[in-house]
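Derivation of every value follows stated rules applied to the coordinates shown; laboratory data play no part. Everything numeric in this text was worked out from a predicted model, so none of it was measured. For neighbour counting, all protein chains shown are included, and Cβ atoms are generated from backbone atoms with ideal geometry for every residue, glycine included.
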Amino acid sequence: MSSALAILSLLHQPAGRSNSATRLFRNSPVLGWTLRRLAACKSLSAIVVLCWSDQIAHVRQAASAVEVICLGERQPRPIMDLISASHRWSDGWRGGLAGACCHDLGFEPAATLRQAEAHNADSIVLVDPDAGLVDPALINALIAHADRTPEVKYVFMPVAPGLSGLLLRRDIERCSAELGYWLGQACWGRGCATAAIRRFTDWAMPRFSLTRVYAEVFAANPASGRVLEKSGFTRIGLLRRAALKHGVHHDYVLYDLVR
């Protein structure tokens, strides 16, 4: 069985009396009901709650039996704003401009990844902190299905959102990333792309625990290949007829940077 970490995020919710840690259901915080039901899920390796500093006092009271992670003072998170806006305009279970769903609310990629790494989790189960009636059997079934289908990157149950969650699998290739770039003609020959690639890889590789960054350039564009070589990349090989552009097949040259 894989190691599955449940994450409940209040990052999209306000402080005060309008969030899962303060809103009551049968005289008890909704968050507490959700966590007690999740505690019955034998397939979960751990449960983590994410919140802001203006929520922490109430969250700790409602979530005293699980790990609570405070991300500090409340601040804008563009990805969460995008998901919230998309959700308001969605039509159906999954829709809107970003293809977001209820399980995406409060999703903060960097914080989620840090917790997955800290708990050495193979997968993450996103659960709505307001899901006071979440069904432990459905969560267990969700994880069991994910174990039987290792090629699937995310799994959900065809039930009411408040009864289950969304499982995200950590990709086995998460230590590798693809680099793409484009430079306006007015900036050609000035070293702009080389400088940008060097600075970006110097920042991104340790930030995201990457051991390899790769890039593919058209074989008919040797100047782009020289930019990569000056940035420390090594030519690996030729991908024949790998791209179709304007009805014409093109070869790619593959480069990578390994640290």
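List of remarks:
- Cα-based radius of gyration for the chain, normalised by 2.2 N^0.38 Å, reads 1.22.
- For the chain, share of DSSP beta bridges that run antiparallel, in % to the nearest 5: 60 percent
- Inter-centroid distance (Cα atoms) of the range 8-55 relative to the range 164-240, Å: 40 Å
- Scaled against 2.2 N^0.38 Å for its residue count N, the alpha carbon radius of gyration of the range 176-258 is 1.12.
- Stretching Ala160 away from Lys245 to a fully extended chain increases their span by 26.3 nm, per 0.36 nm per residue minus the current alpha-carbon distance.
- From least to most packed, judged by other beta carbons within 10 angstrom and beginning with the fewest, Trp203, Trp52 follow the order Trp203, Trp52.
- 3J(HN,Hα) along the range 31-41, derived from phi through the Karplus expression 6.51 cos²θ - 1.76 cosθ + 1.60 where θ = phi - 60°, amounts to 4, x, 4, 4, 5, 5, 6, 5, 4, 7, 7 Hz, with x in place of Gly and Pro.
- Taking trypsin sites (Lys or Arg not before Pro) across the range 148-256, the ones in a DSSP loop with at most 16 further Cβ atoms lying within 10 angstrom of their Cβ are Lys153, Arg174, Arg190.
- Estimated distance in nm for a label pair at Glu67 and Arg36, the labels positioned 7 Å out from Cα along Cα-to-Cβ: 2.4 nm
- Taking the range 166-248 and dividing mean pair separation by its residue count, relative contact order in percent (alpha carbons under 8 Å, at least six apart): 34 percent
- Loop-located trypsin sites (Lys or Arg not before Pro) in the range 34-77 whose Cβ has at most 14 other Cβ within 10 Å (DSSP): Lys42, Arg74
- Longest DSSP-loop-exposure-free segment, GluC sites (Glu not before Pro), the chain, at most 14 other Cβ within 10 Å: 174-259
- Prolate/oblate/rounded call for the range 40-149, Cα gyration tensor, a/c under 1.5 rounded: oblate
- Backbone N within the range 1-44 under 18 Å of label point (7 Å from Leu138 Cα along the Cβ vector): 6-9, 30-44
- Calculated from backbone phi, Karplus (6.51, -1.76, 1.60) coupling profile of the range 117-126 in Hz, x at Gly/Pro: 5, 5, 9, 6, 8, 7, 8, 10, 10, 7
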